[in-house]
Amino acid sequence: MLTRIDHIGIACFDLDRTVEFYRATYGFEVYHSEVNEEQGVREAMLRINGTDDGGASYLQLLEPTREDSAVGKWLAKNGEGVHHIAFGTADVDGDAEAVRGKGVRVLYDEPRTGSMGSRITFLHPKDCHGVLTELVTSAPPSADPSSAEH
Ligand code: MC0
């Protein structure tokens, strides 16, 4: 069951400048940052609020590490902006299978590693009314690398 908006992914050309915009304009601070080589992104997570299931919602700022990555291709075509929306679930495997059973293309056979040790998969935007949609199961708190070092 999808229980919350985990994050909104925003593609940008310059991560540091974009982080500074969100800090200076809204006061949002970087909660966690990392490079995900598999996805071809350098990212910063800005924590917006906690939720009653113990999760949180984030803005995820994404700068491509290579032009042929998903974000690199998207930026070249569209410029900066909202790249995807991610729904949080306790069971990404089960929810991905349920969605697949409804005829929506799930892009990965098995969930892959996402931000802060989460497990993620994506749904094809052409099957979701133009919205690249991600399903996320957060890492348990003890496995969350950001709990020790943001
Ligand atoms: C592509 N399309 C999109 C889109 N990306 N539509 C809406 N939102 C997006 N973000 C559309 C294109 O405009 C095009 O439509 C069609 O989909 C095919 O796109 P393409 O440029 O030819 O690219 P493909 O087919 O090679 O790849 C598209 C696909 C890819 C969605 C399969 O981007 C993908 O695998 N995405 C999932 C992984 C990802 O996005 N990773 C980055 C975030 P037309 O009409 O022109 O045919 S990583 C992340 O977020 C992690 C770190 C995390 O959350 O923890």
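The values are calculated or read from the model by the stated rules, or taken from the named source; none is laboratory data. None of these values were measured; they are calculated from a predicted model. Cβ: placed from backbone, ideal geometry, glycine included. Neighbour counts: every protein chain shown. Areas reflect the complete protein model, heavy atoms only, side chains present, ligands, DNA and RNA absent. Shrake-Rupley method; radii C 1.70, N 1.55, O 1.52, S 1.80 Å.
Within the stretch 82-107, the set of residues being assigned to a loop (DSSP other than H, G, I, E, B) and either in contact with a Lys or Arg (Cβ under 6 Å, 6 or more places away or on another chain) or under 14 Å from Asp6 (Cβ atoms) (or both) comprises Ala90, Asp91.
Of all the listed residues (Arg100, Arg105), the sole one being of a type outside the set (A, V, I, L, M, F, W, C), loosely packed, with under 15 Cβ neighbours inside 10 Å and touching a helix residue (DSSP H, G or I) at 6+ places or on another chain (Cβ under 7 Å) is Arg105. Of the residues making up the stretch 11-33, those that are closer than 15 Å to Ser69 by Cβ and either open to solvent by less than 70 Å² (accessible area, probe 1.4 Å) or out of contact with any Pro (no Cβ under 9 Å at 6 or more places or on another chain) (or both) are Ala11, Cys12, Leu15. Suppose the filter is part of a strand (DSSP E or B), within 13 Å of the ligand (Cβ to nearest atom), at pLDDT 95 or above and open to solvent by less than 70 Å² (accessible area, probe 1.4 Å); does Leu75 pass it? Against the criterion (part of a strand (DSSP E or B), within 13 Å of the ligand (Cβ to nearest atom), at pLDDT 95 or above and open to solvent by less than 70 Å² (accessible area, probe 1.4 Å)), Leu75 does not qualify. Restricting the stretch 108-134 to residues that are more than 8 Å from the ligand (Cβ to nearest atom), part of a strand (DSSP E or B) and without any contact (Cβ under 8 Å) to a residue 60 or more places away in the chain, which is most open to solvent (accessible area, probe 1.4 Å)? Selected residue: Arg119. Only residues that are in contact with a Phe, Trp or Tyr (Cβ under 8 Å, 6 or more places away or on another chain) and at pLDDT 95 or above were counted in the stretch 48-72, giving 4.
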